[in-house]
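What follows draws every value from the coordinates through simple rules; no lab data is involved. A quick note: this is a predicted structure, and the numbers were derived from the prediction, not measured. Here the Cβ positions follow ideal geometry from the backbone for every residue, glycine too, while neighbour counts run over all protein chains shown.
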Amino acid sequence: DAGVIQSPRHEVTEMGQEVTLRCKPISGHDYLFWYRQTMMRGLELLIYFNNNVPIDDSGMPEDRFSAKMPNASFSTLKIQPSEPRDSAVYFCASSPGGGGAQYFGPGTRLLVL
Amino acid sequence: GEDVEQSLFLSVREGDSSVINCTYTDSSSTYLYWYKQEPGAGLQLLTYIFSNMDMKQDQRLTVLLNKKDKHLSLRIADTQTGDSAIYFCAETFSSNTGKLIFGQGTTLQVKP
């Protein structure tokens, strides 16, 4: 298995632009998670899905952030409009659930100028 | 609420043993995990322990679990410079979900 795949790996954009991050989870995993990691706040859970349905989005910072999972093999995290404080590394992870481990993608390093 | 605490930094010499500690609050956790994050990379699952176990050994890694004190530790024997990374412990939020509660991570520095 190729593991969790994220794209792009790096993204540089200007304030006010829309940013879309993509994730392909491990096949057969029922749970998908989006995290954000910064030096100041560490690793934060933004939202997670079970069987393509959003379960808990309480970590989404504000309405500028949205996430979708149209099918079991694809999810997006969108920021519109982006701001410099959104600069961070965004990780996607998937899990078989039932207390099983999460497997992380390599992350997308986002820089908003 | 659920909380996982780790010390932020540990420095050891190459060849020594490293012990990274973690405390957690949810006594109903079914699994506890250790992840490793190298610079510029994602979190990599290192090892895990089931809550009814006291110890698990996997090559140079030894995980000790003290359920009474809610204390988890990761011992790395013969620490190498390649072990320099951030180590996160995590507990299951609930066996009914895939959600994990992560500690803030311990930066391990290995000096040659």
Considering lysine pairs in chain B that are 8 or more places apart or on different chains, how many have Cα atoms under 29 Å apart?
14
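Please report the net charge: other residues with Cβ closer than 13 Å to the Cβ of B:D69, K and R +1, D and E -1.
+1
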Contact order normalised by residue count of chain A, Cα under 8 Å, 6+ apart, percent
37 percent
In terms of the ratio Rg/(2.2 N^0.38 Å) built on C-alpha atoms, what value belongs to region A:8-113?
1.01
Quick one: the Cα spread of the protein assembly as shown along its three principal axes, in angstroms, biggest first?
49, 40, 35
Let me check against my output: what whole-number percent is the relative contact order of chain B, with C-alpha pairs under 8 Å and at least 6 apart?
38 percent
Longest exposed-site-free window of chain A, the sites being trypsin sites (Lys or Arg not before Pro) in a DSSP loop that have at most 13 other C-beta atoms within 10 Å:
A:42-113
At q = 0.12, 0.14, 0.18, 0.22 Å⁻¹, work out log10 I(q)/I(0) for chain B with the Debye formula, treating every Cα as an identical point scatterer and leaving solvent out; two decimals please.
-0.38, -0.52, -0.85, -1.23
Förster-model FRET efficiency, 41 Å R0, A:R9 and B:Q59, C-beta, rounded to 0.05
0.85
Order by neighbour count: A:M15, A:M39, A:M60, fewest other Cβ atoms within 10 Å first, most last.
A:M39, A:M15, A:M60
